[in-house]
Amino acid sequence: MKLSPATFIFLLGASSVSHAAPGDGTPGTPVNPAAMELLSQALFSRFSNFSSYFGPEISKVLGFCISDIDAEWNAAFNFSKNTDFLAGCLRTNKDAMQRLCTAAEAKFYGASLLQNAAGGSAQTKNFLKPNKNCNLSSWPSGCESGWACSAGQDKKVDLKESKEMPQRDLDCRPCCEGFFCPRGLTCMIPCPLGSYCPQAKLNSSTGVCDPYRYQLPPGQPNHTCGGADIWSDFTSGPELFCSAGSYCPSTTQKLACTKGHYCRAGSTAQTSCYQLATCEPQTANQNITAYGIMFFAGITLVLMIIYNCSGQVLHTREKRQAKSREAAARSARETFQAREKWKAAKEVAKKGASELQSQLSRTFSRKKSVAPDHPRGSGQPKPGSDAALPPCPPAPPDSKGKKNKENNLTKMMRDIEENPDNDDGFDIQIGDKNLKKHGAKAKQLHTRSQIFKYAYGQIEKEKALQEQNNNLTFSGVISMATDLEFISRRPIEVFFQDLTLTLRGKNKHLLRCVTGKLLPGHVSAVMGPSGAGKTTFLSALTGKATGCTITGSILINGNNEPMQSYKKIIGYVPQDDIVHGNLTVEENLWFSARCRLPDDLDKPEKVLVVERVIESLGLQAVRDSLVGTVEQRGISGDEPTSGLDSSSSLLLLRALRREALKDYTLFKMFDDLILLAKGGLTVYHGSVKKVEEYFAGIGINVPERVNPPDYFIDILEGIVKPPAGAAVKFNELPLRWMLHNGYAVPPDMLDSAGMASPAPGGSTPGASPAAKAVEEISFVGDLWQDVKFAVGQKADQILHNFTKSADLSERQTPSILQQYKYFLGRVGKQRLREARIQAVDYLILLLAGICLGTLAKVSDETFVQPDIYTQSLQFIAALRSFSLDKLHYWRESASGMSSLAYFLAKDTIDHFNTIVKPAVYLSMFYFFNNPRSTILDNYLVLLCLVYCVTGIAYILAIYFQPAPAQLWSVLLPVVLTLVANQEGDSFITKVADFCYTKWALEAFLLTNAERYSGVWLIQRCGALKQRGYDQKHYYPCLAYLVATGIVSRAFAFSV
């Protein structure tokens, strides 16, 4: 239902004339032009301050579409620049003041049309109710469309009168140009600016008064066409509007738009075209496609550069850093080797000196027995001492009588001799002018080169110590590393008893009656066949098992504490390859070190920790290589020989064979073994050294040249049968272990082994008809149990995310703000490496702007713009933020890193797209469409919409798998947009009030509607009335969009 034009006539048109002074109506000679101009200005000044009288009524009735009454009146009825139409009316009707509508007539007109619009049909909505002048008994010619009557020259008319209509039925004539006279009233109302209201002319072929739509009344041959009859919306009465391609300086003058200018419908002046725009005469809109093509070419060129050269920046930087690191490593290595050589040379010298001393001692002893005995003075050196050696010739003095300065090598050797374990001040580059006697300590190292020299120097020392301890077990290596470790950690002992995990609602055991302990400083191996519950066991210990009922006890250092309390000092590597594929090996390790190591640990020490890991795992060759993903090859492939030639493959297979022969040696390096059977039952838990002894005691001996754990696992799998002399079967091994240690055995295990009689009244499963009946009707029950299990598991996951445990690790990691900084750097680097994908997104957005700008023209009837339809593109683009990284997100959160810092860093980097993408799209849309509103008008709305949509996309990405998330991202905006476009008073429209698409549509329409004023006021208010929009809702709509984005992000973070 559109707003009737009577609303404006009631409150704007009539009130504008309500302050005109009544004329005396006395006929006289025509006045001269100057006098007529003064009279016209005087007439206009009498109704120029109407807002002070009708402001409250306008705000009450039209407040939803008019916010500034004075501004809107000036745009519609400020004729001060051109009052020619008033002068023309005074010339043809000297009693024009007697023909103007009073406030009472205007109110009646508005009230009648509002009443008809609310309940009448479209055909009768412009007809008025009977009134004092126009009724069934009295219908003068002035009651017809385009005509008006006078109240009489001798009768004074007060235009401010708002209660009673004057009697107006004399001297009826056609309405003046520039005024409109509605049917059913005998008075005139000024036409608004932007309209064209000439005198109508009869079209003999159609019988219609052109350019209007009314016809002459039948039976009145002397009745002629008058003026305009109604001010309406553009759809109902386009003839009142100044046509497109022309402009109307006044309501009685229409001029064609000249070349180089364009004139939209309802224009009062022509607008200059841009320099490169094409504007022929009588152009309705300028063609600025040339600018769009230029912008498109420029942005595309930038995107192509980014697409092809995005990785070069990071590659060059990483290459320079690698050279600096390699130089530091080489320097530290050569320094250590030189020191070791010097130590060896010094040992050889000492050994030679000792041998020479003993030889001289023997020589002098022989001479002593032959030569006469001379008393030795106090000044003689003792034989065999260094003083007994021939003295070195003194160094000659220099020309100035000073001693020669020690060269760098002498200084270096003296420093090493005095402090052989000190790295400071040693450099093999002899003669280096920057050589320092005492190097900086770890806390004083600042440059990258200094830090790496320090780290590699320490590593070389550790290598030397490790060579002296080649035969240590894993715990021995850990003990040795602890001696060198700078980080103090709280030891953790884990004791578990009767640990049992049962799937909730399914009565299926994943783990059963597992008892044992994990000692600090010991390396324990958890082994078993597939389905033995190895991962479940570790998940239960670390508190990550969800959807299960856990019984038994887990004690940490003798206390009933959750393992999550120590997550900052515990590392848990899942089966999945959860590593950031678009980061290098070093970047993954370095980020973990920065976030998980103590905050008070200096950067050189953190670098040392990272370099130790890289060195110990042999990752030096691939440290600067991307880890890789399924789509992007990195350091890992699907097959061991992928990407290798035949000779390299042969070398690799030989190396794998050599490593296979070392399995037993590797196994012996473990301290403890936990061997699980299928069903999560313990077969053995104890020292590795005693496992063969235990199995030999039950008749299972390991054959020669067979790896013990492989043999035991084959038996548990049923691949290898136990020897004939074995006392147990393979499925009885868990029971034998429980009996061996005196653990409580569940009755059903004893029953299955035939070691106890069945319980009284018991029955064999599946034997009775009742049981079979249960099985026959259990499909619905099983389905219901499955649904309950799935819902319960999801609820457990959400509860697990919200559950917080006290931190007992005694390690102070970096603050949330500091971790946010680290995450920000990492995510920014990942985005740079994904620049190609981002470039494609922007290119698609450019094409979308061109297509929608070209095909979807903005309608003057509805003001709706297609900007909202681009939200699907932003939905899909925002899914990548968490859809592929949510496993990393959960894993890093579970390891003690700040999930809030991770989430905020991701969102902060996405703000770049949130800010830039609306500008990129609108730049193309406007250059190919050129609507009335500006880019800046709509940018704020689209910015808020993109922020809202991004938050909702986070929820879809985190809650759903990638495929369903993409489907939802397409369906959701389409469905909600259809809901937002519903009109009327129904349940769907009430639901639409809570949809973000409704807020975005309303904000877009209000932004565009502000550009329609003057003659467009009816159209603007009608469009807002039809959709139930309000101009006061503009900023609340933006606030709702932003609030939805914030709430969506909070919900996504909690999920």
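The values are calculated or read from the model by the stated rules, or taken from the named source; none is laboratory data. Everything quoted here is computed from the prediction, not taken from an experiment. Quick reminder, even Gly has a Cβ in these numbers, built from the backbone with ideal geometry, and neighbours come from all protein chains shown. Keep in mind that these areas ignore ligands, DNA and RNA; they rest on the heavy atoms of the full protein, side chains included. Shrake-Rupley method; radii C 1.70, N 1.55, O 1.52, S 1.80 Å.
Restricting the range 931-961 to residues that are among the aromatic types (Phe, Trp, Tyr), open to solvent by 10 Å² or more (accessible area, probe 1.4 Å) and assigned to a helix (DSSP H, G or I) leaves a set whose member that is farthest from Leu1038 (Cα to Cα) is Tyr959. Filtering the range 183-201 to residues that are in contact with a Lys or Arg (Cβ under 8 Å, 6 or more places away or on another chain) and polar (S, T, N, Q) leaves only Thr186.
Inspection of the range 342-360 identifies no residue that is open to solvent by 50 Å² or more (accessible area, probe 1.4 Å), within 14 Å of Glu460 (Cα to Cα), part of a helix (DSSP H, G or I) and in contact (Cβ under 8 Å) with a residue 40 or more places away in the chain. Checking Ala265, Ala329, Ala290 one by one, the residue that is among the hydrophobic types (A, V, I, L, M, F, W, C), within 53 Å of the chain's Cα centre (by Cα), modelled with pLDDT under 85 and surrounded by 15 or more Cβ atoms within 10 Å (Cβ to Cβ) is Ala329 and no other. When Thr235 is tested against (1) open to solvent by 10 Å² or more (accessible area, probe 1.4 Å); (2) within 30 Å of Tyr109 (Cα to Cα); (3) modelled with pLDDT of 85 or more; (4) hydroxyl-bearing (Ser, Thr, Tyr), exactly one condition is not met: (3).
Taking the criterion of being among the hydrophobic types (A, V, I, L, M, F, W, C) and in a loop (DSSP other than H, G, I, E, B), the residues of the range 143-160 that qualify are Ala151, Val157, Leu159. Candidates in the range 274-287 are the residues that are buried (at least 20 other Cβ atoms within 10 Å of the Cβ) and touching a Cys at 6+ places or on another chain (Cβ under 7 Å); of these, the one that is farthest from Leu86 (Cα to Cα) is Cys279. Each residue in the range 103-127 was checked for being out of contact with any Asp or Glu (no Cβ under 7 Å at 6 or more places or on another chain), at pLDDT 70 or above and either open to solvent by less than 30 Å² (accessible area, probe 1.4 Å) or of a type in the set (Lys, Arg) (or both), and 6 pass. Determine whether Pro708 is touching a residue at least 40 places away in the same chain (Cβ under 8 Å), out of contact with any strand residue (DSSP E or B) (no Cβ under 8 Å at 6 or more places or on another chain) and surrounded by 18 or more Cβ atoms within 10 Å (Cβ to Cβ). The answer is yes for Pro708.
The condition (being closer than 30 Å to Ala621 by Cβ and charged (D, E, K, R)) is satisfied by just one residue among Glu587, Glu561, Glu493: Glu587. Residue count for the range 198-227, restricted to those that are open to solvent by 10 Å² or more (accessible area, probe 1.4 Å) and not in a loop (DSSP other than H, G, I, E, B): 6. Looking only at residues of the range 165-180 that are open to solvent by less than 10 Å² (accessible area, probe 1.4 Å) and assigned to a loop (DSSP other than H, G, I, E, B), we find that the one that is nearest to Gln153 (Cα to Cα) is Arg168.
Matching residues to (1) modelled with pLDDT under 65; (2) part of a helix (DSSP H, G or I); (3) open to solvent by 90 Å² or more (accessible area, probe 1.4 Å); (4) at positive phi:
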site	(1), (2), (3), (4)
Leu750	no, yes, no, no
Thr764	yes, no, yes, no
Asn801	yes, yes, no, no
Lys804	no, no, yes, no
Ser809	no, no, no, no
Leu824	no, yes, no, no
Lys829	no, yes, no, no
Leu832	no, yes, yes, no
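Pairs meeting the criteria (first residue in the range 326-339 and basic (Lys, Arg), second residue assigned to a helix (DSSP H, G or I), beta carbons under 8 Å, at least 6 apart or on different chains) are Arg333/Tyr456; Arg333/Glu460; Arg339/Ile416.
Residues of the range 997-1055 that are without any contact (Cβ under 8 Å) to a residue 12 or more places away in the chain and either within 30 Å of Ala795 (Cβ to Cβ) or not in a helix (DSSP H, G or I) (or both): Ala1043, Ala1050. Of the helices (runs of 4 or more DSSP H) that lie entirely inside the range 563-662, those containing 1 or more residues that are under 34 Å from the mean Cα position of the chain (by Cα) and modelled with pLDDT of 85 or more span 585-596, 603-616.
Ile988: modelled with pLDDT of 85 or more and open to solvent by less than 40 Å² (accessible area, probe 1.4 Å), yes or no? Answer is no for this residue.
Taking the range 216-244 as the range and being within 15 Å of Cys191 (Cβ to Cβ) and touching a helix residue (DSSP H, G or I) at 6+ places or on another chain (Cβ under 8 Å) as the test, the residues that pass are Ala228, Ile230, Trp231, Ser232, Asp233, Phe234, Leu240, Phe241, Cys242. Within the range 450-465, residues that are small (Gly, Ala, Ser) reach partners that are assigned to a helix (DSSP H, G or I) with beta carbons closer than 6 Å, at six or more positions or on different chains, in the pairs Ala455/Val607; Ala455/Leu608; Ala455/Glu611; Gly457/Ala332.
Could you say whether any residue in the range 563-581 is in contact with a Phe, Trp or Tyr (Cβ under 7 Å, 6 or more places away or on another chain) and open to solvent by 20 Å² or more (accessible area, probe 1.4 Å)? No, there is no match, as no residue in the range 563-581 is in contact with a Phe, Trp or Tyr (Cβ under 7 Å, 6 or more places away or on another chain) and open to solvent by 20 Å² or more (accessible area, probe 1.4 Å). Is there a residue being under 44 Å from the mean Cα position of the chain (by Cα) and open to solvent by less than 70 Å² (accessible area, probe 1.4 Å) anywhere in the range 254-262? Yes: the range 254-262 contains one or more residues that are under 44 Å from the mean Cα position of the chain (by Cα) and open to solvent by less than 70 Å² (accessible area, probe 1.4 Å).
Let's see how each residue does on (1) open to solvent by 30 Å² or more (accessible area, probe 1.4 Å); (2) over 26 Å from Thr997 (Cβ atoms):
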{"residue": "Ser872", "(1), (2)": "no, no"}
{"residue": "Arg880", "(1), (2)": "yes, no"}
{"residue": "Ala901", "(1), (2)": "no, yes"}
{"residue": "Asp907", "(1), (2)": "no, no"}
{"residue": "Val916", "(1), (2)": "yes, no"}
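Within the range 181-197, the residues that satisfy the criterion of being over 57 Å from the mean Cα position of the chain (by Cα) and either of a type in the set (Asp, Glu) or open to solvent by less than 10 Å² (accessible area, probe 1.4 Å) (or both) are Cys181, Pro182, Gly184, Leu185, Thr186, Cys187, Met188.
Tell me yes or no: at least one residue of the range 550-571 is within 22 Å of Thr535 (Cβ to Cβ) and free of Cβ contacts under 8 Å to residues at least 24 places away in the same chain. No.
A quick yes/no check of all residues on (1) of a type outside the set (Val, Ile, Thr); (2) closer than 21 Å to Leu499 by Cβ:
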| position | (1), (2) |
| --- | --- |
| Ala525 | yes, yes |
| Ile556 | no, yes |
| Lys567 | yes, yes |
| Ile578 | no, no |
| Asp602 | yes, no |
| Lys606 | yes, no |
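Pairs linking a residue in the range 659-678 that is open to solvent by 90 Å² or more (accessible area, probe 1.4 Å) to a residue that is modelled with pLDDT of 80 or more and not in a helix (DSSP H, G or I), with Cβ atoms under 9 Å and 6 or more positions apart or on different chains, are Tyr664/Val706; Tyr664/Asn707; Lys678/Gly528; Lys678/Pro529; Lys678/Ser530; Lys678/Gly531; Lys678/Ala532; Lys678/Gly533.
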